[in-house]
1. So, in the range 129-176, how many residues would count as being under 18 Å from His20 (Cα atoms), in a strand (DSSP E or B) and β-branched (Val, Ile, Thr)?
2. Go through the range 97-128 and report how many residues are under 23 Å from Ser225 (Cα atoms) and assigned to a loop (DSSP other than H, G, I, E, B).
3. Confirm whether Val41 is among the hydrophobic types (A, V, I, L, M, F, W, C) and more than 19 Å from Ile133 (Cβ to Cβ).
4. Residues to consider are Pro38, Pro32, Pro64; find the one that is over 17 Å from Arg8 (Cβ atoms), in contact with a strand residue (DSSP E or B) (Cβ under 7 Å, 6 or more places away or on another chain) and not assigned by TED's automatic domain parsing to the domain that holds Ile195.
5. Exactly one condition in (1) in contact with a helix residue (DSSP H, G or I) (Cβ under 7 Å, 6 or more places away or on another chain); (2) modelled with pLDDT of 95 or more; (3) not hydrophobic (A, V, I, L, M, F, W, C) is not met by Tyr9; state its number.
Amino acid sequence: MKDVLLTRYSLLPFLYTLFHRAHLQGDTVARPLFFEFPWDVATWELDRQFLWGRSLLITPVLEPGVDSVTGYVPQGMWYDFYTGSSVNSSGEMLKMSAPLEHLNLHIREGSILPTQKAGTTTEVTRGNPLRLIVALSSHATAWGDLFWDDGESLDTFEKGNYSYVVFNVTQNIFTSTVLHASTEATKVTIGTLSIFGVQKPPSKVLLNGQEKPFSYLGNQVLDVSDLGMSLSQGFSLQWL
């Protein structure tokens with residue numbers, strides 16, 4: 001159970017951004033699958049799964065004493081949140097292992113999720129470096145965003161006391177673009193990029209044109225750590 005709670009804490013930057021969109025545009029934070037896949041009749045009556053935003057598929061266990069769960073995975077590429085392993089679904093029901101300490105989460109292709117290492121409180125968590133999870137689409141593109149403020153004050157958007165950063169991937173180049181910045185953004189760094197769905201091992205990785213150490217896993221996950229980039233700074237990372 002502790003691991004599940006820590007996972008929720010790690011997703012607070014993503015969830016906070018979803019609430020910002022809800023405030024600004026009226027978007028839903030948690031939504032049924034048919035909101036995103038209205039053409040898929042199999043999603044119309046699903047009431048045991050849901051999405052956070054358009055990107056994170058959550059398949060909870062709703063019965064006591066079981067260690068697996070069956071869930072629907074809509075058509076397309078989905079990535080295991082924890083490992084980055086991919087599922088190329090035709091729109092099908094899948095049986096998933098579900099021990100007590102594990103919650104099944106899948107990231108939709110083409111998404112970028114901002115996360116943080118979970119701390120014992122939300123305040124401690126906010127001080128940790130960000131980890132951006134990039135889930136590449138079948139066309140090797142992805143997009144995401146992050147809304148950031150002091151986490152306490154009211155009306156930060158209306159008063160301009162916030163930061164808003166857009167993340168984009170195209171042609172093996174990740175770009176972080178700061179569209180609005182505040183002093184709060186200087187207090188947090190982007191520490192790690194985890195890129196899911198990189199088809200082959202890169203020969204090198206460049207951070208703002210400078211070579212950077214990296215690791216490449218057999219399930220097509222590229223990890224670049226110790227970036228140390230301030231959230232207030234735009235930057236690019238390319239893999240070749």
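The values are calculated or read from the model by the stated rules, or taken from the named source; none is laboratory data. Being a predicted model, the structure only gives us computed values, none of them experimental. As a convention, Cβ positions derive from the backbone with ideal geometry for all residues, glycine included, and neighbour counts pool all protein chains shown.
1. Within the range 129-176, residues that are under 18 Å from His20 (Cα atoms), in a strand (DSSP E or B) and β-branched (Val, Ile, Thr) number 2.
2. Here the count works out to 8.
3. Numbers: among the hydrophobic types (A, V, I, L, M, F, W, C): yes; more than 19 Å from Ile133 (Cβ to Cβ): yes.
The answer is yes for Val41.
4. Values: Pro38 fails: in contact with a strand residue (DSSP E or B) (Cβ under 7 Å, 6 or more places away or on another chain); Pro64 fails: in contact with a strand residue (DSSP E or B) (Cβ under 7 Å, 6 or more places away or on another chain).
When all the criteria are applied, what remains is Pro32.
5. (2)
Per-residue answers, yes or no, for (1) over 20 Å from Ser55 (Cβ atoms); (2) surrounded by 13 or more Cβ atoms within 10 Å (Cβ to Cβ); (3) β-branched (Val, Ile, Thr):
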site	(1), (2), (3)
Leu154	yes, no, no
Val165	no, yes, yes
Gly191	yes, yes, no
Phe196	no, yes, no
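Every residue, every condition in (1) of a type in the set (A, V, I, L, M, F, W, C); (2) modelled with pLDDT of 95 or more; (3) in the same structural domain as Ser137 (by TED's automatic domain parsing), yes or no:
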site: Lys187; (1), (2), (3): no, no, yes
site: Ile190; (1), (2), (3): yes, yes, yes
site: Ser203; (1), (2), (3): no, yes, yes
site: Gln210; (1), (2), (3): no, yes, yes
site: Ser215; (1), (2), (3): no, yes, yes
site: Gln220; (1), (2), (3): no, yes, yes
site: Asp223; (1), (2), (3): no, yes, yes
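Matching residues to (1) basic (Lys, Arg); (2) part of a strand (DSSP E or B); (3) surrounded by fewer than 18 Cβ atoms within 10 Å (Cβ to Cβ):
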{"site": "Leu46", "(1), (2), (3)": "no, no, yes"}
{"site": "Val66", "(1), (2), (3)": "no, no, yes"}
{"site": "Met77", "(1), (2), (3)": "no, yes, no"}
{"site": "Lys95", "(1), (2), (3)": "yes, yes, yes"}
